[in-house]
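The values are calculated or read from the model by the stated rules, or taken from the named source; none is laboratory data. Owing to the predicted nature of the structure, the values given are computational and were not obtained by experimental measurement. Note that we place each Cβ from the backbone using ideal geometry, even for glycine, and neighbour counts take in every protein chain shown. All accessible areas refer to the heavy atoms of the entire protein, side chains included, with ligands and DNA or RNA removed. Shrake-Rupley method; radii C 1.70, N 1.55, O 1.52, S 1.80 Å.
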Amino acid sequence: MIPEPEGVNSNTLGFGVGAWLPDSRSFLANACPLGGDTSYGTSHGCSIWIFSVSGGPPHEIRDEATGESFSPDGALLSFQTNTGKNGDREIWVMRPDGQQARKVFDVDENDSIGGLAWSADGQRVIFVRQDGPDSANIYFESGDVKGGPLTKILPPFDTKLVTNSIWLPDRKSTRLNS
């Protein structure tokens, strides 16, 4: 059994299990306030935790953020933060221990981004972007976490039915329905 984090009140926070580290010995979980405004699923009031399946207490690695995914080599963890008018505005990466955090993508106050997925070689990423509050303005963008131009990927599907993206091992991406 995995121990509950010390000093955490499970009556006020709910944990959502996130991604596994590539070694399958640890995983991330996001702790977010229960009963709050979840209309945009933002990182406001949330924190990122790492849990070990071999025992030992979980540890918190970041406040005011939600963890997304690990790079294929496990060296980086992507996370969302900085809530704007319509959702989180920034995607950052950091080491799994919470060190060396750096912002890699951002949008203005009225837009939102999130749901980052890594390519199999860890060189490119894809994420969801929404321009303004209108769900008709949702699309994917792809880019390199080291910088450079982004590629806008227009959706050939009903964006209201898509909640996330994954990059398949043959380097093709697909969409997941909610």
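What the table shows:
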{"quantity": "Residue that is nearest to the chain's Cα centre (by Cα), among those in the stretch 115-148 that are under 14 Å from SER78 (Cβ atoms), free of Cβ contacts under 8 Å to residues at least 40 places away in the same chain and open to solvent by less than 30 Å² (accessible area, probe 1.4 Å)", "calculated": "PHE127"}
{"quantity": "Scope the stretch 67-89; condition open to solvent by 10 Å² or more (accessible area, probe 1.4 Å), in contact with a Ser or Thr (Cβ under 6 Å, 6 or more places away or on another chain) and under 18 Å from ILE138 (Cβ atoms); matching residues", "calculated": "GLU68, GLN80, THR83, ASN86"}
{"quantity": "Criterion violated by SER43 - all others in (1) out of contact with any Leu (no Cβ under 9 Å at 6 or more places or on another chain); (2) within 21 Å of LEU13 (Cβ to Cβ); (3) outside any loop (DSSP other than H, G, I, E, B) satisfied", "calculated": "(3)"}
